[in-house]
Amino acid sequence: MNPSAHPIEAAGRAGRYLLQYLNAVTDVVWSIEALPIGSSFPITRADGTHRAYLCTVVPTDSAETRMLGATVAASLALLATVEPHQPTPSALVQRSTSTALDGKLFAHFQPIIELSSGHVVAVETFARLQSGNAILLPEAFIDVFDTPEAMLGLFEHMLDAALQLLATERVRLPHLSATVKLDVMAIPDHGLVQLIERRLADSGIAPEWLTIELIERTAYMPHRAMIDELWRVSDLGVQLVLADSERCEEMMRRLPGIPIAGTKLSRRQVCKLTEIDADATAVRALIERMHNAAIEVIADGVETRAQTERLLQLGCRFGQGYLFAVPQPAETLADVLDMPLLAMS
């Protein structure tokens, strides 16, 4: 295998859909690795380069699952041979008239508040695309960022926007922090720490005011060098949170020992809190497990006062959602950052 090539490159965009299919129709977790783990099936280009493996996280004895894995691995090898070279991240992120993006990439921000007081404690950064007179949400363009390099380029672009916001608001709000999303698949073997250190130094922001939210568009098993790089990021003082509380414990097993500061309750979980007692019981148990592990829980998608009250009853301290503020440009966000967005009696 070319040591400079990321193993997921052997799949490409169509390969990701095959991985999603495998994870949807079987009861095991699949990923693409540089080295074989669990049950593995080789993926090799026609010229013998970019060797990788389609793997299950744990071995499987199911003949049907193994046959499916071998079939998909053969398809991935074919895709790796015929798919065209992907654009570089710098081309995707920096060209405002790119034919791939057809627009200008920029950031919106949404406050994260302390539910009991309504005070803003952080902002989350969201990618947006200006295309003509329309502002597009990530669902409309995120597939352009379908390689680890492009995903990392998107993270870098949003990191710059978040740190610029913090630098602008630092005098008024010295304890405001910012969250930026990073796909686990995009974590490089080296260089992430240096990238973050440079950006922090340029902006004058301390590491503890930056949070990286680890997301997964496709379930992925990071290899040792990626995990070590996350350790180095954490050692800087940067906080790490996991995007999906329902998969938090499973993700932590794939990131052994990485200090996780927080996780997110999904909009779906929050919506059900005031409907079915069983859902509230499950969320309470999850929050208790997270608190016992010193992991903070942030509720996403909060839209009603009833949800806010229920979350506080269940022990959730922080939240974000349309009840408080929509994602918006930095220019308008400044008006809401230093005032309570909801007063709970």
| said: Conditions first: (1) surrounded by fewer than 21 Cβ atoms within 10 Å (Cβ to Cβ); (2) under 18 Å from Ser117 (Cβ atoms). Glu275 passes all but one, so which condition is the exception? | reply: (2)
| task | Could you check Gly321 against (1) touching a Gly at 6+ places or on another chain (Cβ under 7 Å); (2) more than 22 Å from Met158 (Cβ to Cβ); (3) of a type in the set (Gly, Ala, Ser) and say which number it fails? | result | (2)
| remark: Of Arg172, Arg199, the only residue that is assigned to a helix (DSSP H, G or I) and either assigned by TED's automatic domain parsing to the domain that holds Gln320 or of a type outside the set (Ser, Thr, Tyr) (or both) is Arg199
| said: Given the condition surrounded by fewer than 19 Cβ atoms within 10 Å (Cβ to Cβ) and farther than 23 Å from Glu213 by Cα, answer yes or no: does some residue in segment 324-334 qualify? | reply: yes
| field | Lone unmet requirement of (1) more than 21 Å from Leu311 (Cα to Cα); (2) at pLDDT below 95; (3) surrounded by 19 or more Cβ atoms within 10 Å (Cβ to Cβ); (4) not hydroxyl-bearing (Ser, Thr, Tyr) for Gly257 | value | (3)
| request: Would you check if Glu229 is under 21 Å from Cys248 (Cβ atoms) and among the acidic types (Asp, Glu)? | output: yes
| said: Given the criteria at pLDDT 90 or above, under 26 Å from Leu35 (Cβ atoms) and β-branched (Val, Ile, Thr), does Val233 qualify? | reply: yes
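Any residue that is of a type in the set (A, V, I, L, M), within 30 Å of Gln164 (Cβ to Cβ) and buried (at least 20 other Cβ atoms within 10 Å of the Cβ) - is there at least one of those in segment 299-316?
The answer is yes, given that some residue of segment 299-316 is of a type in the set (A, V, I, L, M), within 30 Å of Gln164 (Cβ to Cβ) and buried (at least 20 other Cβ atoms within 10 Å of the Cβ).
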| query | How many residues, within segment 4-34, are modelled with pLDDT of 65 or more, of a type in the set (Ser, Thr, Tyr) and exposed (fewer than 15 other Cβ atoms within 10 Å of the Cβ)? | reply | 2
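Among the residues of segment 209-225, which ones are in a helix (DSSP H, G or I) and either within 15 Å of the chain's Cα centre (by Cα) or under 16 Å from Ser177 (Cα atoms) (or both)?
Listed by number, the list holds a single entry, Trp209.
The values are calculated or read from the model by the stated rules, or taken from the named source; none is laboratory data. Treat the numbers as computed from the prediction; the structure is a model and nothing was measured. Please note: Cβ atoms are built from the backbone with ideal geometry, for glycine as well, and neighbour counts cover all protein chains shown.
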